[in-house]
Amino acid sequence: MSYDIIVVGSGPGGYVTAIRASQLGLKTAVVERESLGGICLNWGCIPTKALLKSANVFEYLSHAEDYGITVKDAKADFGAMVERSRDVASGMSKGVQFLMKKNKIDVLNGTGVIKAGKKVAVTDKDGKTTDYEASKAVIIATGARSRQLPNLPQDGKKVIGYREAMTLKTQPKKMVVVGS
């Protein structure tokens, strides 16, 4: 298959680039191995802001009397807060999916590998690889990933990455964040 532009990665840099390319009349595809919107929308910026909003609302409720409002027995449900943040991320990812369809951008689901001659090999979840060619450009917009530190390996329990942090079942009593 041939496109004018192939964008590898559908985070904020990738999907906005793809939309603009399509609006300029270029036949465009986006390669994404997971959910549209990338790490930022699905695991970083957006769900963390949703969690912060829940915490902010709870903080307001805890001090409602300062505003002349009486609230009895306000309780935080950590699991429900996490679920809400996941729902917000999912909804926004579906919004990006809508934008891809609206702008006639093909979504190539899989892992992209850049090859010589403006080509991208995309391997899907079943292991099937398909080669695609871009006549004008291949744009790399692969975003961020959690870095494994040699002296602090992630075990998924005591040392966790962003995915585990965003889906905790219970609120930790204390936490140390390494990195930003």
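The values are calculated or read from the model by the stated rules, or taken from the named source; none is laboratory data. Remember, it's a predicted structure, so these values are computed and weren't measured experimentally. Cβ: placed from backbone, ideal geometry, glycine included. Neighbour counts: every protein chain shown. Note: accessible area is taken over every heavy atom of the protein model, side chains too, but ligands, DNA and RNA are not part of it. Shrake-Rupley method; radii C 1.70, N 1.55, O 1.52, S 1.80 Å.
Annotations for the structure displayed:
- The single residue among A144, A89, A74, A134 that is touching a residue at least 40 places away in the same chain (Cβ under 8 Å), open to solvent by less than 80 Å² (accessible area, probe 1.4 Å) and part of a loop (DSSP other than H, G, I, E, B) turns out to be A144.
A quick yes/no check of all residues on (1) under 30 Å from K136 (Cα atoms); (2) more than 21 Å from the chain's Cα centre (by Cα); (3) among the aromatic types (F, W, Y):
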position: K27; (1), (2), (3): yes, yes, no
position: L36; (1), (2), (3): yes, no, no
position: L41; (1), (2), (3): yes, no, no
position: L52; (1), (2), (3): no, no, no
position: V57; (1), (2), (3): no, yes, no
position: D73; (1), (2), (3): no, yes, no
position: S93; (1), (2), (3): yes, no, no
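Table: residues versus (1) more than 28 Å from G95 (Cα to Cα); (2) free of Cβ contacts under 8 Å to residues at least 24 places away in the same chain; (3) part of a helix (DSSP H, G or I).
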site	(1), (2), (3)
V31	no, no, no
S35	no, no, no
C40	no, no, yes
T48	no, no, yes
L52	no, yes, yes
A55	no, no, yes
E59	yes, yes, yes
E65	yes, yes, yes
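- Considering the range 163-180, and only residues there that are open to solvent by less than 70 Å² (accessible area, probe 1.4 Å) and assigned to a loop (DSSP other than H, G, I, E, B), the residue that is modelled with the lowest pLDDT turns out to be G179.
- Where I160 falls short, out of the listed (1) part of a loop (DSSP other than H, G, I, E, B); (2) within 22 Å of T48 (Cα to Cα); (3) open to solvent by 80 Å² or more (accessible area, probe 1.4 Å): (3)
- Of all the listed residues (V122, V96), the sole one being open to solvent by less than 50 Å² (accessible area, probe 1.4 Å), in a strand (DSSP E or B), under 21 Å from R33 (Cβ atoms) and not hydroxyl-bearing (S, T, Y) is V122.
- Flag set for E83, criterion: closer than 18 Å to Y162 by Cα, open to solvent by 60 Å² or more (accessible area, probe 1.4 Å) and modelled with pLDDT of 95 or more.
- The selection criterion, being more than 30 Å from I6 (Cβ to Cβ) and of a type outside the set (F, W, Y), does not hold for A141.
- Filtering the range 4-29 to residues that are in contact with an Asp or Glu (Cβ under 7 Å, 6 or more places away or on another chain) and assigned to a strand (DSSP E or B) leaves T28, A29.
- Within the range 58-68, one or more residues are over 20 Å from T167 (Cβ atoms) and of a type in the set (A, V, I, L, M, F, W, C).
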